[in-house]
Amino acid sequence: MNILQVNSSARVFENGQGSHSTRLANELVGKLRAAEPGAQVTVRDLARQPHPALDEATLQALFTPAEARTAEQAARVALDDALVAEIKAADVLVLGVPMYNFGVTSQLKNWIDAITRARVTFQYGPNGPEGLLKGKKAYAVLTRGGKYRGTPADSQVPYLKTLLGFIGITDVEFIYAEGLNMGPEAEAAGLAEARAQIDALLGVVPA
Ligand SMILES: Cc1cc2nc3c(=O)[nH]c(=O)nc-3n(C[C@H](O)[C@H](O)[C@H](O)COP(=O)(O)O)c2cc1C
């Protein structure tokens, strides 16, 4: 089993401090590995290694045939190619998804813009779009300062369901850690609730 973990907070997680979404994604991956010790894990940490945004030069590079690209264009496309290769190789995708201003972080959006590629991860045919990344399972760990689960302000969940479904990933579980900026007690409760959801999803019996 190949696991791809994508950390998309602007904050790193280090020495027990920092990004909650990365911390919870680490824990989830740790539990997946405990269940399947042979699993290979690839971590794409967008806080430590930010991915560039789409701009005009990048679009030109992507739409230039490979053999006609300049060295600079080829280098830019290679950055996206690396992300595409990682998700193609993954059986399980674990996304750390902080809420920033009611959406996903710009780093997660940059990752999405890199991996959503026509004729590689999706294609259009006579019946409309077809996702080409089939047979994968995804977990999205959502971290929020407030509480928005199930409300119209939670645009992350329908967005991610649509996007992942579009590229063929329809088996998606959402884990919610909410209220993390509502004081120490709410933070602890939000993290505990997320851990309970992870354990329930993975069938882990609490110690
Ligand atoms: C730039 C920024 C924007 C944020 N916007 C929201 C928001 O719209 N709604 C919310 O509930 N929390 C918001 N938060 C709080 C984060 O969702 C919260 O701190 C969460 O833990 C971030 O994930 P992380 O710990 O992995 O970095 C924001 C935080 C930052 C830094």
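The values are calculated or read from the model by the stated rules, or taken from the named source; none is laboratory data. The structure displayed is predicted, hence computed values, not measured ones. Positions of Cβ are generated from backbone atoms using ideal geometry, with glycine treated the same way; all protein chains shown enter the neighbour counts.
Against the definition (more than 16 Å from the ligand (Cβ to nearest atom) and either buried (at least 17 other Cβ atoms within 10 Å of the Cβ) or in contact (Cβ under 8 Å) with a residue 40 or more places away in the chain (or both)), how does residue 82 come out, yes or no? The answer is no for residue 82. Does the range 14-23 contain any residue that is within 13 Å of the chain's Cα centre (by Cα), within 30 Å of residue 205 (Cα to Cα) and assigned to a helix (DSSP H, G or I)? Scanning the range 14-23 turns up at least one residue that is within 13 Å of the chain's Cα centre (by Cα), within 30 Å of residue 205 (Cα to Cα) and assigned to a helix (DSSP H, G or I). How many residues are within 16 Å of the ligand (Cβ to nearest atom), of a type in the set (D, E, K, R) and surrounded by fewer than 19 Cβ atoms within 10 Å (Cβ to Cβ) when one looks only at the range 119-171? Of the residues in that region, 2 qualify. Contact annotation: residue pairs with Cβ atoms under 6 Å, 6 or more positions apart or on different chains, pairing a residue in the range 187-199 that is among the hydrophobic types (A, V, I, L, M, F, W, C) with a partner that is not in a helix (DSSP H, G or I), are 191/177; 194/175; 194/177; 198/175. Look at residue 22 and say whether it is in contact with a helix residue (DSSP H, G or I) (Cβ under 7 Å, 6 or more places away or on another chain) and not small (Gly, Ala, Ser). Criteria not met by residue 22. Report yes if residue 176 is in a loop (DSSP other than H, G, I, E, B) and at pLDDT 95 or above, otherwise no. So residue 176 does not fit the description; no. In a residue-by-residue description of the range 11-33, the property of being under 17 Å from residue 112 (Cβ atoms) and among the β-branched types (Val, Ile, Thr) applies to no position.
Contact map, the range 17-32: residues that are under 15 Å from residue 192 (Cα atoms) and among the hydroxyl-bearing types (Ser, Thr, Tyr) paired with residues that are near the ligand (Cβ under 7 Å from one of its atoms) and assigned to a helix (DSSP H, G or I), Cβ distance under 6 Å, separation 6+ or inter-chain. No pairs are found. Put simply, of 74, 138, 85 the only residue that is modelled with pLDDT of 95 or more and under 12 Å from the mean Cα position of the chain (by Cα) is 138. Looking across the range 98-118, the residues that are of a type outside the set (Ser, Thr, Tyr), within 8 Å of the ligand (Cβ to nearest atom) and assigned to a strand (DSSP E or B) come down to 98, 103.
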